[in-house]
């Protein structure tokens with residue numbers, strides 16, 4: 001099939017095929033006498049193996065959702081937050097209800113993903129999810145009620161903002177008060193549940209975008225790089241320039 005084609009043309013052709021056809025073409029390419037064409041077969045085989053490993057990971061990350069489906073729940077919301085630890089900015093929570101068995105490739109704990117990958121997945125999740133909710137609680141409210149209660153409030157706000165509400169929640173190592181929804185708390189849930197992982201991405205990207213806007217207002221604090229967390233640069237900037245109106249005073253009592 002490829003014997004009369006230049007190697008470049010073979011490479012171009014291979015980019016047009018679906019991964020479901022990889023195995024067929026691997027066998028064909030391996031029969032070619034040219035090493036460079038055989039190398040294409042090796043590359044396809046490695047890519048196929050990567051896809052298998054990713055598919056197995058996604059299967060494992062749907063175990064908690066499937067358990068709830070089997071118990072009669074239909075709209076399962078994964079919920080997670082971003083920004084509990086920083087010295088500045090809001091805490092942001094998100095709830096995501098994914099379609100049943102929708103295995104969005106590469107969705108994982110947001111901390112394990114690059115910024116570029118998170119941004120890409122943010123758009124995919126927003127497009128494919130049944131419903132997404134986002135709740136934001138600012139630094140002043142955090143100072144009023146403490147970070148734990150502010151986190152709970154942001155989660156409840158996220159649920160309230162949804163076009164379709166969940167009938168069950170999967171959470172990352174917390175239990176949410178003031179809700180009658182069924183809850184299942186999972187230790188390290190953002191790495192074990194696809195719904196929670198999706199929520200962690202939405203929350204993280206939303207908060208990072210907010211902090212980028214604050215960076216433009218307070219460039220001397222470099223919020224773009226540390227997003228409000230307590231880096232040495234951030235502490236030095238506070239000592240030099242003072243506290244801004246987005247800092248959490250309850251986090252800075254010792255300064």
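Couple of notes before you dig in:
- Total residues in segment 90-107, condition surrounded by fewer than 24 Cβ atoms within 10 Å (Cβ to Cβ) and either modelled with pLDDT under 95 or over 12 Å from the mean Cα position of the chain (by Cα) (or both): 5
- Residues that are surrounded by fewer than 24 Cβ atoms within 10 Å (Cβ to Cβ) and either touching a helix residue (DSSP H, G or I) at 6+ places or on another chain (Cβ under 9 Å) or not in a helix (DSSP H, G or I) (or both) occur in segment 192-200; there is at least one.
- Those residues of segment 207-250 which are surrounded by 13 or more Cβ atoms within 10 Å (Cβ to Cβ) and outside any helix (DSSP H, G or I), in sequence order: 218, 222, 227, 228, 229, 230, 231, 243, 244, 246, 247, 248
- Residues that are within 22 Å of residue 105 (Cα to Cα), in contact with a helix residue (DSSP H, G or I) (Cβ under 8 Å, 6 or more places away or on another chain) and in a loop (DSSP other than H, G, I, E, B) within segment 60-89 comprise 61, 62, listed in sequence order.
- Residue match in segment 134-146 (condition: in contact (Cβ under 8 Å) with a residue 12 or more places away in the chain and either within 15 Å of the chain's Cα centre (by Cα) or more than 30 Å from residue 245 (Cα to Cα) (or both)): yes
- Candidates 184, 178, 204: the one that is more than 20 Å from residue 115 (Cα to Cα), at pLDDT 95 or above and either outside any helix (DSSP H, G or I) or under 16 Å from the mean Cα position of the chain (by Cα) (or both) is 184.
- Residues that are more than 17 Å from the chain's Cα centre (by Cα), part of a loop (DSSP other than H, G, I, E, B) and within 27 Å of residue 87 (Cα to Cα), drawn from segment 147-175: 161, 174, 175
The values are calculated or read from the model by the stated rules, or taken from the named source; none is laboratory data. Note that the structure is a prediction, hence the values are computed from the model and not measured. Every residue, glycine as well, gets a Cβ built from its backbone with ideal geometry; the counts of neighbours run over all protein chains shown.
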